[in-house]
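Written below as structure tokens is the structure these notes are about.
The values are calculated or read from the model by the stated rules, or taken from the named source; none is laboratory data. Just so it is clear, the model here is predicted, and its values are computed rather than measured. Backbone-built Cβ (ideal geometry, glycine too); neighbour counts: all protein chains shown.
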Amino acid sequence: MAKINLLPWREERRKLRQKDFYGMLGLAALAGVLVSFLIVSYYNGRIGSQNSRNQYLHAEITKVDGQIKEITELDQKKNRLLARKEVIEQLQANRSQMVHLFDSLVRTIPDGVTLSAIKQEGDILTLTGRSQSNARVSTYMRTLEGSGWMSKPDLNIIEAKAGNPGLPYEFNLKVKLVNPNAPKEGEDAGKPAAAPASATPAAGGTSS
């Protein structure tokens, strides 16, 4: 009986299978590398896109910060201008007030009273003078209260002093300056304020 040796065929088939296995393994590895490359490229693209958005947002935030700084500077300029405007308005009001004040001082001095000194500290006016009697000073204080430009007269000193027999009493009193044209609290600023009460000048009043 003839004998057939099958070992070469089996060895060849085993080598062929190994070759196919390594080929499939290489294809799988190549496919894995390709998939990994695609995944990495996809996420790199997403990261790049997000970085672009972040840069855009950062640029816009920088612009907004600049605009906020500009607005802050404009607000500061506005506040300085308003402060200047308020000072100018106050100066205008004070100028008008001083004119009316001196007019009121002339009108309110009664007969038998004369002023020797006037001193202003803020809205407090100190009047120093001489009088014929205590009653004359009391009359003067009531007249000041009704002038509309001065209020709350407060007599500090009144005493008899030599040097002027016709005006033997020296007095010192303080009054608070007011502006009757200024709107009162709770009053509509658009409505004109009531006119100040005019004091009737006493005949024969003198001032110095």
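For the range 157-170, the set of residues classified as assigned to a strand (DSSP E or B), of a type outside the set (Phe, Trp, Tyr) and touching a residue at least 24 places away in the same chain (Cβ under 8 Å) consists of ILE158, GLU170, listed by residue number.
Residues in the range 123-153 that are among the polar types (S, T, N, Q) and in contact with a Leu (Cβ under 9 Å, 6 or more places away or on another chain): THR126, THR128, SER131, GLN132, SER138, SER147, SER151. The condition (being more than 24 Å from ILE124 (Cβ to Cβ) and either in a strand (DSSP E or B) or at pLDDT below 75 (or both)) is satisfied by just one residue among LYS184, LYS174, LYS152, LYS191: LYS191. None of ILE71, ILE47, ILE61 is of a type in the set (A, V, I, L, M, F, W, C), at pLDDT 90 or above and under 25 Å from the mean Cα position of the chain (by Cα) except ILE71. Residues in the range 123-149 that are within 42 Å of the chain's Cα centre (by Cα) and part of a loop (DSSP other than H, G, I, E, B) were compared, and the one that is surrounded by the fewest Cβ atoms within 10 Å (Cβ to Cβ) is ASP123. Answer with yes or no whether THR206 is at pLDDT below 70, part of a loop (DSSP other than H, G, I, E, B), farther than 21 Å from ILE118 by Cα and polar (S, T, N, Q). Criteria not met by THR206. Only a single item in (1) in contact with a Pro (Cβ under 6 Å, 6 or more places away or on another chain); (2) loosely packed, with under 10 Cβ neighbours inside 10 Å; (3) not aromatic (Phe, Trp, Tyr) is not met by ARG107, and it is number (2).
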